[in-house]
Amino acid sequence: MFRLQARLNANVAPLCREEQAARRPVPEAPGVESRVDSTAQHVRKASAITGADAAKSEMSHTIGRAITLVMAIACGVAAANIYYNQPMLGIMEAAFPGKATVIGLVPTATQLGFAAGLLLLVPLGDRFERRRLILIQFAALTLSLTAAALAPDAWSLVVASAFVGVTSSVAQQIVPFAAELAEPRRRGATIGTVMSGLLCGILFGRALAGAVGDHYGWRATFWLGLLLAVAVGLLLAAILPRSRPMTQEGSGTLLKSLAVLWREERKLRRATIIQGCLFGSFSVLWTILALQLDAQYHLSAEIAGLFGIVGAVGVRFARRWCTWRIECEMTPAWAA
């Protein structure tokens, strides 16, 4: 009896399992739409890291405090070249008698050249490999400083000064490059450090030019600027990582995008107008300061350059403000 019951159970169990399996709903094969959605999802994930994100994922680990400091120094060295001539205008006028009006065009030509560099060269940083572009501009800067130091007459100095201004816009290539290389959590501090170097170059460059020009002549200042540019260029060539272009658009398209940004970004228009007015008043003051100090108080170029040290006090506060401002912009409203 027990043996018969065991055999019946052994035969019935597989039939029950087969019946249960037959009752289970059979999963449908994925249709065309589901496969397309899945593929699209994978494509979106794969294409999420492109352009700047891909470059940043490769380069974010390559920048540290040492590279940031070198980039800040490079910004200062490049920016200082724009302002070397301002405290030395009286010395230049003495070197070219009867050409006071032409010498007065030297700072104007330098600033116009700098504006041209900002407009024409800086946007190229999105189109070409930025490290290579920075090194080329530093090489061109050394040639421009050589031409200024060897200028045989006043008009040659004006032309050379314009090229110095154009090539000195390399400082504005370094700032966005530092922002690209920095880790997101340190981006504010990195930009603040690099901008502090730029401001120090603007302010201390005048003091350096005034001291050197007063003791060794205005040509010696440009030779010194040449040596500094060569040293910084070699240092950047040794430590800067390579980057990927952000876009493949042509130069004309990049320039047109500036007009689009101006038209669509209200905050950008407001900031541009404010900074333009500040920079204009800043340039007017420093351009005539050396001439007025010489004419009214018989003070030398060295004294005129020392006025820049007073402004250097604000560099520390500018760095803190820049760091705070960028971090605020990057912080979501819900996290504030």
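Just so you know, all these numbers are worked out from the coordinates, no wet-lab data involved. From a predicted model like this one, the values you see are computed outputs, not experimental measurements. Using ideal geometry, Cβ is built from the backbone for each residue, glycine included, and neighbour counts are taken over all protein chains shown.
Calculate one ³J(HN,Hα) per residue across segment 204-214 by plugging θ = phi - 60° into the Karplus curve 6.51 cos²θ - 1.76 cosθ + 1.60, and present them in order as whole Hz with x for glycine and proline.
Karplus-based 3J(HN,Hα) across segment 204-214 equals 6, x, 5, 4, 5, 5, x, 5, 5, x, 5 Hz.
Taking 0.36 nm per residue of separation and subtracting the Cα-Cα distance, what length does fully extending residue 268 through residue 216 add?
14.3 nm
Only four residue types carry charge here, +1 at the Cβ of Lys and Arg and -1 at the Cβ of Asp and Glu. Report the dipole size of segment 61-335 about the Cα centre in Debye, rounded to the nearest 20.
900 debye
Take 277, 200, 75 and order them by how many other Cβ atoms sit within 10 Å, fewest up front. Write down the numbers at each step before the final one.
Values: 277 10, 200 21, 75 28.
Least to most surrounded, the residues fall as 277, 200, 75.
Counting other C-beta atoms within 10 Å, which of 153, 294, 126 has the fewest, and how do the rest follow?
So the ranking, lowest neighbour count to highest, is 153, 126, 294.
Please report 84, 216 as a ranked list, fewest other C-beta atoms within 10 angstrom at the top and most at the bottom.
Neighbour counts put them in this order, fewest first: 216, 84.
So for the pair residue 297, residue 65, with labels modelled 7 Å out along Cα→Cβ, what separation do we get in nm?
Taking the two extended label points, one gets 4.0 nm.
For segment 112-230, just the Cα atoms, rotate onto the principal axes and tell me the three extents in Å, largest first.
49, 29, 23
Would you tally the net charge around residue 100, using a Cβ to Cβ cut-off of less than 14 Å, leaving residue 100 out, and scoring K and R as +1, D and E as -1?
Once all neighbours under 14 Å are counted, the net charge is -2.
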